[in-house]
1. Quantify, in whole percent, the carbon and sulfur part of the accessible surface of the stretch 295-450 (1.4 Å probe; protein heavy atoms only).
2. Hey, rough spin-label estimate for I50 and I305, points 7 angstrom out along Cα→Cβ, what's it come to in nanometres?
3. Enumerate the aspartates and glutamates that K32 could reach by cross-link, defined here as Cα to Cα under 16 Å, with residues fewer than 8 away along the same chain left out.
4. Using packing as a proxy for protection, rank 74-83, 398-407 so that the peptide with the highest average count of other Cβ atoms within 10 Å comes first.
5. Which whole-number percent gives the relative contact order of the chain, counting Cα pairs below 8 Å spaced six or more residues apart?
6. Taking all protein chains together and a probe of 1.4 Å, list T122, T345 from the most accessible to the least accessible.
7. What FRET efficiency, computed as 1/(1 + (r/R0)^6) with R0 = 25 Å and r the Cβ-Cβ distance, is obtained for L89 and A160, rounded to the nearest 0.05?
8. Order of 413-424, 200-211 by packing, highest average Cβ count within 10 Å first?
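The values are calculated or read from the model by the stated rules, or taken from the named source; none is laboratory data. In this text the structure is predicted, and so the values were computed from the model without any measurement. Don't worry about glycine lacking a Cβ; one is built from the backbone with ideal geometry, like all the others, and counts go over all protein chains shown. Quick note on the areas: whole protein, heavy atoms, side chains included, nothing else; ligands and nucleic acids left out. Shrake-Rupley method; radii C 1.70, N 1.55, O 1.52, S 1.80 Å.
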Amino acid sequence: MHHQQTRPGFKSKFGAIAALAGSAVGLGNIWKFPYIAGTNGGGAFLLVYIFFTIAIGFPVMLAEFSLGRHSQQNALGTFRVLAPGTSWLLFGLLSILSATLILSFYGTVSGWTLEYIWLSLTNSFKGQNAEDINTIFNNFISHPYKAVLWQSGFMILTGAIIMGGVQKGIERYSKIMMPLLFLIIIALSINSLTLSGAAAGLKFLFRPDFTCLTADGVLAALGQAFFSLSVGMGILLTYASYIPRNDSLPHISLKVILTDTLVAILAGMAILPAVFSFQINPQAGPGLVFLTLPTVFQNLPAGEIWAVLFFILLTFAALTSAISLLEVPVAYLVEEKKMKRPAATLLATSVITFIGSFNTLSFGPLRNVHIGGMNVFEACDYLCSNILLPLGGILICIFSGWYLDKSILFNEISNNGILKIRFFKLYIFILKYIAPVCILLILLHAVGVI
Ligand code: PHE
């Protein structure tokens, strides 16, 4: 069956890659990857990470792409078309809810990055010691409304891009932000290589120490590969429905994966040497980006400039991921609920900002509200990253590996037989057995069963 392109999609292949790589490259690459690579055996972790990205991440990404481009639909519509009248529709709905929920806490940290551009521009870290910088951070995140204002500002930016549509919003801005992001991260890493701690930082990131690679580390590599590629959330489904029919899906996947991995490695090269020059213990999470790095930057020559560049980089990374998340509910509202794009964007952005403000305030006025021993933000992050994301990945594997007619996959991957596909049997085998079992292991590990 040959489907016509039924609605406007990305104009160019470069635009499609920029948008998809923009979704993949996010806060996960920049603060999470360098640290977990370093503490889990450096080069050894990197090898395992690259192996999983190619062996598991790539097949699942390709499946999600095929479903989206074949159906020419949003995350729910895909299952309405491909599995009418079944409970797979619930999975579509779940992806939309997950994307909505992820953006609600992604917006919190993204709002912080905007405040940090401002603080760096106004040179607020000058002459402050580590303790002062700690105080600045804590006062900011616990402020009754400042962080919510920045989060709302970030959400307005995200909404404004999405309102512009696929070509004039997502594609246009990804094409600007992604190359700039690349330039900034290359400049930052070259600068870091000139520092006295460069050797120690690079050693921490690259030296293959297999004795430090535990079973935990291997699972962390798989989990990180998944999170970093944005699979299992309906994002790749939705964006894939905008990929032109004659573009090669395997080719686009590989480029996206390559960019994502390269940015993670460059982030490690930019951050770790700087951290080691000042003999600071690298730590994961907000601590590294918002506490350690400002300390590092203000000790560097022309540090305020590097700080501004770094937080702009972080904002670009966050913004291109945020638009991919917002597009999931917006495409759903436009296509399933027949809303106009501006109204749908306004509704989704307002609801997400509203839910998100609870996440943001959980470091301040709502800090005493706990769910299972975690504050609202941590609970939301845990639910999405450790449960919904792997669950989405497994369901994609089951749907495309077991339920779906294989010829649909074959036709999408090969562009109706035009492209030569060599490993299709192996591909289906991974999709049916290997990938879902591996992802199930991450899920069980994340909830503490193994
Ligand atoms: N891939 C993004 C990152 O590495 C995070 C993300 C996950 C974005 C899931 C959207 C959905 O930060």
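1. On the way: 4970 of 7030 Å².
C and S atoms contribute 71 percent here.
2. 3.3
3. Qualifying aspartates and glutamates at Cα under 16 Å: D216, D260, E378, D381.
4. Values: 74-83: 23.0, 398-407: 16.0.
Peptide ranking by packing, descending: 74-83, 398-407.
5. Values: 717 pairs, mean separation 151.6, N = 450.
34 percent.
6. Working: T122 65, T345 0 Å².
Ranked list, largest accessible area first: T122, T345.
7. Values: r = 31 Å, r/R0 = 1.25.
Efficiency computed from Cβ-Cβ geometry: 0.20.
8. On the way: 413-424: 12.3, 200-211: 16.7.
For the peptides 413-424, 200-211, the packing ranking is 200-211, 413-424.
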